[in-house]
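To keep things clear, I will list the structure first and then write my remarks on it.
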Amino acid sequence: MTMNLKRRVFLKGSIAAGTLGVAVSAGLLAPRAVIAAWNEKAFGAKSVDDALAAAMGDASNTASDTIKIKAPDIAENGAVVPVSVASSMTGVESIALLAEGNASPLVATFALGAGAVPDVSTRIKMGKTSDVIAVVKAGGKLYSARKSVKVTIGGCGG
């Protein structure tokens with residue numbers, strides 16, 4: 001009886017693993033890492049302009065007071081700095097967040113669908129005191145806003 005039960009459990013597990021393997025190889029299931037597009041050039045860029053050019057197609061942007069950045073004036077731990085960006089612009093296509101003082105300044109990009117509310121929040125790493133820059137792409141043009149954040153303990157190994 002015990003041998004028969006072990007055999008059934010083994011067969012069920014083998015069939016489930018085989019079915020999962022067939023689904024993955026047929027493309028019916030895909031790992032999240034494959035689905036998400038990783039812009040290595042943008043996230044590996046060493047300057048704000050290079051990161052913007054790689055992430056948004058252009059580095060030239062215009063300062064705008066319609067973009068609001070919510071971040072602490074002083075971040076006690078640069079490893080987890082809460083940042084929110086909202087805009088009253090219409091037709092926002094994407095939002096990029098950059099930490100100017102980081103070795104690789106681009107920390108996040110958000111692609112927004114048509115009709116989405118341009119309001120995003122995340123936690124970022126900051127290596128040292130610097131400006132947090134929010135860049136909003138709307139109507140094919142880039143607009144930006146800055147907020148200075150003082151970091152007391154660096155989050156990027158500092």
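Every residue in the range 59-82 that is among the polar types (S, T, N, Q) and crowded, with 18+ Cβ neighbours inside 10 Å, please.
Asn61, Ser64
Tell me, please, whether a residue that is closer than 15 Å to Arg146 by Cβ, in a strand (DSSP E or B) and modelled with pLDDT of 95 or more can be found in the range 69-78.
Taking every residue of the range 69-78 in turn, at least one turns out to be closer than 15 Å to Arg146 by Cβ, in a strand (DSSP E or B) and modelled with pLDDT of 95 or more.
Residues that are β-branched (Val, Ile, Thr) and surrounded by 18 or more Cβ atoms within 10 Å (Cβ to Cβ), at least 3 per element: which strands (runs of 3 or more DSSP E) completely within the range 83-158 meet that?
130-138
Taking interchain pairs and intrachain pairs at least six residues apart, which have beta carbon atoms under 7 angstrom, with the first residue in the range 70-97 and without any contact (Cβ under 8 Å) to a residue 60 or more places away in the chain and the second hydrophobic (A, V, I, L, M, F, W, C) and loosely packed, with under 13 Cβ neighbours inside 10 Å?
Ser94/Ala111
The values are calculated or read from the model by the stated rules, or taken from the named source; none is laboratory data. Computed from a predicted structure; not experimentally measured. Ideal geometry is used to build each Cβ from the backbone, glycine not excepted, and the neighbour counts take in all protein chains shown.
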